[in-house]
Amino acid sequence: MDKNTEISVKSTLFDRIDAMDLKSLLSCLGAKRIKKAAGETLWAAGDKVTTIGMIVSGRLQVIREDVAGNRAIIAELGAGELFGESFVCAGEGESPVSVEAVSDCEVIFIPLQRILTPCSAACDFHRQLVSNLLKIISQKNMLLNQKIDILSRRNLRDKLMAYFMLQMENLRKNEFEIPFSRSGLADYLCVDRSAMSRELGKMRDEGILEFHKNWFRIIMP
């Protein structure tokens, strides 16, 4: 399987687009590939952004920092996922977030204008691409609502349990791995790491859950 075929398999952006058409599509869109090492920044908050990013390999974090330097992880993304599509499509111009590589990664950047403007050939797969993009944006809005629900919980334990229950619902089982380290989970939930670690310890002692690193099993939801 070559890289173009691999991308089409992994990414919702290329659903219902034949792998044979993908090379032509990427050329039509003026897509550019870049590689970044773990810890490098793909773009920083305030940067002017006109392209949508799609991860070919590796993992990225979307991060927001306030004026006091407090850091919150908005999302952690892997191969096939998009980033930047919502605020680029909204015409924000400047990025409200930073995007950093968690591991060595390869990313494709696609100019938004080339996606929204049909090519002279008016190819069917270009129209499918726009439909796929709208679907992705809608799905991410649903995920954002889920996160708002988690962060709106009044105390730390409720936030943790809301997050864990969401993982259980998605996987339909009571044990799962999360994509975050302890520090990353604290940033995602916008809570103090030490306080969160203490609360997790209490929940384990009370027989509510078991965990090891990023593996968790809920015993008593």
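Could you tell me whether LYS32 is farther than 26 Å from ASP187 by Cβ and over 16 Å from the mean Cα position of the chain (by Cα)?
On the way: farther than 26 Å from ASP187 by Cβ: yes; over 16 Å from the mean Cα position of the chain (by Cα): yes.
Yes.
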Does PRO179 satisfy being touching an Asp or Glu at 6+ places or on another chain (Cβ under 6 Å) and under 25 Å from ARG33 (Cβ atoms)? yes
Can you list the helices (runs of 4 or more DSSP H) found entirely within the range 120-200 that contain at least 2 residues being modelled with pLDDT of 95 or more, more than 22 Å from the chain's Cα centre (by Cα) and surrounded by 15 or more Cβ atoms within 10 Å (Cβ to Cβ)? 156-171
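The values are calculated or read from the model by the stated rules, or taken from the named source; none is laboratory data. Since the structure is predicted, the reported quantities are computational estimates derived from the model, not experimental observations. Heads up, the Cβs are rebuilt from the backbone with ideal geometry, glycines too, and the neighbour counts pull from every protein chain shown.
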